[in-house]
Every structure is written in structure tokens, then in C-alpha cells.
Ligand SMILES: Nc1ncnc2c1ncn2[C@@H]1O[C@H](COP(=O)(O)OP(=O)(O)OP(=O)(O)O)[C@@H](O)[C@H]1O
Ligand SMILES: [Mg+2]
């Protein structure tokens, strides 16, 4: 469903964040990307949905090459989940979820009054999926880290994406909350057949939840393998 060809990105100042990445992601797959800090994981995810301009290379989304004209459609079909949740603190959980229906250029929060009953029901359904229906009208800042990330997931799935990009979704959580979030992503992946690409730091979580694991170091892919084949020698290629 996703094919990345020879993707390169150098930031101002000369940091080569991506040095010719080739990667295929199959439909329905749960792919994890492991790599030390600064290896280019976030840049890679942000390049896929156009949050980062790429220098060269091509990205195909559902067999069609992403360009300026196709990008808005790609963004519509892609949900994103962040390490720091990126919720609006003084809004309720349900209103945070509803922001997932606004396109990225829409800045008017007054839009909330324009959401239809149908859309509000959709938001409640998304909160039910993540097990947070009872917190729908709590403010985001009244929720725990794990609950906040569940709102983040509900916000990402409300628009029924075909691809979920998760950038270290559990890095700010304790191990128990991290497990719950990973299980939830896996459930969403399987039940709704949403392809997941997930940046992680924990080898254990990647092995437990992924269909495939890619190792990134200094903007280059060092390995691409099944969890059952991942061993210390392979992992040492990225964590030296
Ligand atoms: N906006 C930017 N301007 C300049 N350099 C940047 C920018 N964003 C990222 N970089 C650099 O690009 C490289 C890759 O960064 P990136 O954030 O993709 O790494 P990462 O693997 O996500 O790291 P982490 O695990 O810490 O999140 C790093 O050297 C980083 O300093
Ligand atoms: Mg990152």
C-alpha cells in the first residue's frame, strides 16, 4: 500500500536525515521502525504524509505516486499519532477527537459548532473503540498519559484512514500503559485492516506487536526482517 523509493532528505545545516531509503509496506501490515535517536525515523514518517518536503525520491500511496495534487487525498487517508499526544488541553476528549475531521489548514475552532450529529456520533464511536467513552466530556488535561494517547488514537481513526503513522506512541508512557496502547494499535490494525507504521525505541515491543521490523541508522535502512529473525547481532547493527 506504500512504496518508498530512494528517498533523500537533507536539512538546512547539512544534516542528511534520509540517505536513499527504499521501503515497501504491504496492505494490512504492522511495520515497526527501530533506530537510535537522530536516525531519521520521524523524518521518514513526516515525509510520507507531506509534513516534510523531500529532496528526491518517490513515494507511492495505494499505487499512486504522491505529488502536490494527490497529497491532500493521502492526508485524508492517513492518521497520525504522536509521542506527546498533541491534544488541545482545554478541550474535551470528544472535541479533540472531532479535530481529526478538520483538514490541516482549517484553523477555526469555531468549526466545532458546525459538526453534525452524525460526526459527533462518529467521535463517540471512536472513543468507544479505544475504551474511553466514559471520559468523552472530560477535558484532555484531566486524563492520564495513557488515556490521552487513547484520545490521540481516536482522533486519528475517526476519519477512517487506511494508514496509521505512529511516531513513538508509547515513549512517554509507563510499561503497562505502553502495552495497552500497543495492543490497541494492533487491534485497530487487525479489526479495521488499517496498515500501521510505528516508530519505536523498544525492541521488545516491536518484536511482540509487529509483522515486520525495519532498522534505521543515520538515515539508512540497516535491516528489514521478521520479528522471529531478529537477534542481538541484527539489533547491534543499529544500537552500537
Ligand atoms: N527541522 C529540522 N532541522 C534541522 N535538522 C533536523 C530537523 N529535523 C530533524 N533534523 C535532524 O535530522 C536527523 C534525523 O532526525 P529525526 O527527528 O528524524 O530522528 P529520529 O530517529 O526521529 O530521532 P528520535 O528517536 O530522537 O525521535 C537528526 O540529526 C536531526 O537533528
Ligand atoms: Mg523522532
Taking Rh as the Kirkwood radius computed over alpha-carbon pairs of the chain and applying Stokes-Einstein at 37 °C with viscosity 0.692 mPa s, one gets a diffusion coefficient in µm² s⁻¹ of 179
Contour minus Cα-Cα span, residue 3 to residue 183, at 0.36 nm per residue, comes to 62.2 nm
Relative to the chain, whose Cα atoms define the longest principal axis, helix 175-191 and its Cα axis are tilted in degrees, nearest 10, by 90
Summing -39500 (n - 2.57) over every DSSP H run of at least 4 in the chain, dividing by its residue total and rounding to the nearest 500, the 222 nm mean residue ellipticity is -9000 deg cm²/dmol
The FRET efficiency for residue 102 and residue 225, from their Cβ-Cβ distance with R0 = 30 Å and rounded to 0.05, is 0.20
The chain, Gaussian network, Cα under 10 Å: of 13, 40, 204, the residue fluctuating most is 13
Within the set 59, 230, 48, GNM on the chain using Cα springs under 10 Å gives the largest fluctuation to 230
The chain: relative contact order from alpha carbon pairs under 8 Å, six or more residues apart, as a whole percent, is 29
With the 8 Å Cα cutoff and a minimum separation of six or more residues, the stretch 85-160 has a relative contact order in percent of 52
Once residue 232 and residue 119 are pulled to full extension, the length gained, defined as 0.36 nm per residue separation minus their Cα-Cα distance, is 35.9 nm
For the stretch 101-240, the convex hull over Cα atoms projects on average to an area in nm² of 10.2
GNM of the chain, Cα pairs under 10 angstrom: of 163, 121, 185, the biggest fluctuation goes to 121
Taking Cα atoms, the helix 117-129 axis meets the longest principal axis of the chain at an angle in degrees (rounded to 10) of 50
Scaled by the rule-of-thumb 2.2 N^0.38 Å, the alpha carbon Rg for the stretch 14-64 gives a ratio of 1.18
Everything considered on the Cα gyration tensor (a ≥ b ≥ c; rounded for a/c under 1.5, else prolate if a/b is larger than b/c, else oblate), the stretch 1-125 must be described as prolate
Debye calc, one equal point scatterer per Cα of the stretch 165-240, no solvent, log10 I(q)/I(0) at q = 0.19 1/Å comes to -0.84
Rounded to the nearest 5, the percent of DSSP beta bridges in the chain running antiparallel is 50
Quick calc of log₁₀ I(q)/I(0), the stretch 85-160, Debye, one scatterer on every Cα, no solvent, q values 0.15, 0.23, 0.26 1/Å, result -0.41, -1.01, -1.28
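Bear in mind that the values in this text are calculations on the coordinates, not laboratory data. Owing to the predicted nature of the structure, the values given are computational and were not obtained by experimental measurement. Virtual Cβ from ideal backbone geometry, glycine too; neighbours counted across all protein chains shown.
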